[in-house]
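Enquirer: Take this structure first; my questions come after.
The values are calculated or read from the model by the stated rules, or taken from the named source; none is laboratory data. Keep in mind the model is a prediction, meaning the values are calculated, not measured. Reconstructed Cβ throughout: ideal geometry from the backbone, glycine too, with neighbour counts over all protein chains shown.
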Amino acid sequence: MPKYESFHLRYDGGQRAVHGGTYGLVEHLEPFGSGLPTDAVWRNGGPLLVGGPNKTQQILAWIRGIPAEEVKREGAWQAWGVIGPTGGFGSWMTFWDALSAAPERERLDALASAFERGDDGPAYPPMPQRLASLLADLYTAEVPYRIALRTPSELALLPWCCLLGPVEAQDATIGPPRRMRLNLNVPMTYDVSIADTSLTDQQRTNIASSPLLLDIVARAQRGDVDGAVDAVWPLRNAKAADRRKRIFAPLPASQPPAAKERALVQTPVADETSEPVIEATIEPFADRVQRWGAAWTPILVAMILLLQLAEFAPRILRRIAAPPANIAATDTTDSMATDTSATDTTSAAITPATATVPAISCNNWWTTPETQAQVIDRLRQRLQATPVVPQSTAAALLAGTWNERVAAALAMQLQVNESRCAGIVLPLDGSAGQRTMAAARSSNCASVRTDLSGALQWLCESSAPQS
Amino acid sequence: MSFLSSFLHPFSLPCPLCGKKGTYKVRGTVDYDTLATQLAAHAKWMRNHGLSETTGVPAPPDNAENRDFLAAVQHPPVKGDGLDGDREHYRCKNCATLLPPEFMPADVTDDVAITVAGAARHGKTSWLVAILAPPDNADYEIVRRSDDLQTFCYEFAEPYTFDVVKRGFRSPLFYQLFGTTLVRRKTEVTYIRTVDIKGEMFVGLAKKSPNEVILRHLGSGSGSGWLLVVDQFAGAAQASEGGATLRNIASAYEGLSVQMTEEHTRRKVRKAIVWTFLDEATWTPGAAAWIEKNTPAIAGPLVKIGQTAQQPIATLQPFVEFVDGNQLEALRVALETTSDILDGPTLDGLIALLFRLQLLYTLRASNFIGPQGRLQTKFQYLMDQGFAYVEDCQMIARQLYARDRRSAMHDYPRGENADDWRVFPCGRFDERSVWADQILIEAVAGARR
């Protein structure tokens, strides 16, 4: 008898079990499903982690309100997921994709089997930008912790809060996003509400003055999730007053700062109506370069040496035979000089090691509005010194959304280095991404890279003051 | 003891949900969130409404307003003004269920208990909305919008009631208590108290049995009790699926009848089917052929009435005189006596005709000018022709309903009391319910008979 069983519940002339589950489970989930938002933005629902009908059971589900036009009834809902033993869903956030996708019997059964085997999922969800500030809020608040989401793209905050928040993941319960408050006898650890809020001054202060949380988030962004969880551990076990001290205390000198290089990926946003968000770190850029370099550098060096030798050997032989004046004349018409400079320019653009390290660390400069503003200001200075950038790009760079600014900055780079662009393209969703990609293609780039690592690194470095 | 209890607690009917007597007066108003929080902490309220005590109170619709005029639940009462100054509000002393005034025996002419049951999405809520909503929306009904008969619904209720009644929100509670008061000729007061039961309880899903609640509700009080099965007309193609649902409800009521051990309860409880969604039936040539064969005397106008367009109010206008001729009896007799097996499309067409005949009556009533001027009520009793016409419509509905179910291989209603079942045909037209209030006629008429 498996401990974990998948289920799918849906309204069909009444709330019923499509597969798995019983009507007891339907009754149990009714308070969570009733009244969920069904508007176009939020109708996809969200995750639910809650105790089961039996106290030894826990339910991991994705739950959504069904729009009235689908079933001719207001208040209907749909839920799918896995029911299993309490405390057995500690790694649920690594199954984010499988859980949030539309329900299919086979995939849900596979999900249950994975929990049964104790496997971890394939990947953590993308990390929204607001995580650090939200964690600062959570660690300075009281249970139940209120998580306010502004757009569905921020849903991924929930698993990350569950992982790095004040309560250990396996003990946490989390509700789906909703506008009306839940009235539960067993309060949720994380009560999720839909709110049209922006960062308050207090939140800005919190995040700006919490190096510990910034460091924890940076660790997770680098892919060191275990390290982030370990770093969270003392916070979770601290008393309230001590917790605040720890959060806002400066990092001890012995603690290594977060890596200065990071590799960012652009995460596709499920909801078309929401803006794309630049999110989680998968692997540090420096690590990637180092690993890649360690494997291929000797081979490449050998190949380059061979090529150089093959090309220059006749010249060297000629120079040996010819007088010195001829050598200078040959050099002025040699295309090799241009090629060499092009290579240098490109490598300077994408290689962080050769760039001037700005005053703002590339680790976290986009995490607060203040540092973002400084970077934008520096971009503005660079823009003024770059007359080839069209006005539309300039407008987007200075006044657009954050993603539009990134796209514009990259487009600018493509135009500046049009003849020999290195193919650094940010694969943004939506029109900004399409414009950027089109710009890259129209500029006859030899290759178009679709990873963000070099792209955003360039953005970071290019925002440094011009010496 | 009973007398003393009545003295101490002026409302001595047992709570239909928990069966206990005794109430307490509610003072003060609270908003949606506050009330739901209070109720979630009240284990007996949760249990008696069929909710799991370990989870909580289901949330109202996403865009519901957080109203601040819901009857509070605190006990003992908090200091404060009454809710509306006109009515007092009571909760059950045991389970804190809010009992509308219609659940209290008082100085009324009659009281009628109605239990509404049926599968989900069969129109229970729509029917209740038609009964409970302000009569201004009752253009196509027979009783309301009348100077002679006024209806007042109880507006203070538990969470969700507003949304159930006014927005068709799916009831997340197992039981919803509503109340409506009928005042006829300004002196005759009839209290209608209703219990709406969640559809899932009749389709083999829920483990909880509502029989105790039904019996308790229908058996208490001095007036009659109505057991209403709301059944949906779903067309010939879907008849078998609907029939499966109906069998479960039928078996629930079979069991209920067995539990009606007291002769008093047996005698006072009436049974009826509210046949909904008749507006979805479509006229067919088969129906025309059947009418021409079996009712040749009135085939001409019936076929023309049946053929009227999708918006029959306008197209029915030339046929309003048909109502005055007392001609429906021929159709009723033909349905009773003919042995023709009505196939799906023919039956469908006759049901569409029935719906148009009802609309025709509404049109006639609204245009009627009698010796004393315009018709004061859309339905007049006893000697009035309208009464006969409506009764004929109900008899035709009963025949068609029985045939519809037989054609789908179902034999319901059945048993020795099969003749006791009434059928109230209903539909929706122009976003308004047609004849949803027939039960009110029966309720008032029941007090007179």
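Enquirer: Any residue in the range A:88-108 that is buried (at least 20 other Cβ atoms within 10 Å of the Cβ), touching a Gly at 6+ places or on another chain (Cβ under 7 Å) and outside any helix (DSSP H, G or I)?
Expert: Yes.
Enquirer: A further question on this structure: Return the residues of the range B:408-430 that are surrounded by fewer than 21 Cβ atoms within 10 Å (Cβ to Cβ), assigned to a loop (DSSP other than H, G, I, E, B) and at pLDDT 75 or above; say none if nothing qualifies.
Expert: Once the filter is applied, which keeps residues that are surrounded by fewer than 21 Cβ atoms within 10 Å (Cβ to Cβ), assigned to a loop (DSSP other than H, G, I, E, B) and at pLDDT 75 or above, the range B:408-430 yields only B:ASP430.
Enquirer: Taking A:ALA76, is it under 27 Å from A:ASN185 (Cβ atoms) and either away from chain B (no Cβ under 14 Å) or over 23 Å from the mean Cα position of the chain (by Cα) (or both)?
Expert: yes
Enquirer: Continuing with the same structure: Are any residues in the range B:90-111 modelled with pLDDT of 80 or more and of a type outside the set (A, V, I, L, M), and if so, which ones?
Expert: Within the range B:90-111, B:TYR90, B:ARG91, B:CYS92, B:LYS93, B:ASN94, B:CYS95, B:THR97, B:PRO100, B:PRO101, B:GLU102, B:PHE103, B:ASP111 qualify.
Enquirer: Being under 21 Å from B:TRP226 (Cα atoms) and of a type in the set (Phe, Trp, Tyr) is the filter here, so list the residues in the range B:154-208 that pass it.
Expert: Matches in the range B:154-208: B:TYR154, B:PHE174, B:TYR175, B:PHE178, B:TYR191, B:PHE202.
Enquirer: For the range B:112-125, how many residues are at pLDDT 80 or above and part of a loop (DSSP other than H, G, I, E, B)?
Expert: 3
Enquirer: State all residues of the range A:1-57 that are among the aliphatic types (A, V, I, L, M), surrounded by 24 or more Cβ atoms within 10 Å (Cβ to Cβ) and away from every other protein chain (no Cβ under 13 Å); if no residue qualifies, say none.
Expert: If the condition is that a residue be among the aliphatic types (A, V, I, L, M), surrounded by 24 or more Cβ atoms within 10 Å (Cβ to Cβ) and away from every other protein chain (no Cβ under 13 Å), then A:LEU49 is the only one that fits.
Enquirer: Being part of a helix (DSSP H, G or I) and either over 27 Å from B:SER251 (Cα atoms) or free of Cβ contacts under 8 Å to residues at least 24 places away in the same chain (or both), is that true of even one residue in the range B:186-201?
Expert: Within the range B:186-201, none of the residues are part of a helix (DSSP H, G or I) and either over 27 Å from B:SER251 (Cα atoms) or free of Cβ contacts under 8 Å to residues at least 24 places away in the same chain (or both).
Enquirer: With the requirement that a residue be assigned to a loop (DSSP other than H, G, I, E, B) and within 14 Å of chain A (Cβ to nearest Cβ), what does the range B:167-185 give you?
Expert: B:GLY168, B:ARG170, B:SER171, B:PRO172, B:LEU173, B:PHE174
Enquirer: Shifting gears a bit: For A:LYS72, which of the numbered conditions (1) crowded, with 17+ Cβ neighbours inside 10 Å; (2) at pLDDT below 90; (3) among the basic types (Lys, Arg) fails to hold?
Expert: That leaves (1) as the condition not met.
Enquirer: When residues of the range B:26-61 are filtered for being assigned to a helix (DSSP H, G or I), at the interface with another protein chain (Cβ under 9 Å from one of its Cβ atoms), farther than 20 Å from A:PRO177 by Cα and among the charged types (D, E, K, R), how many remain?
Expert: The qualifying residues number 0.
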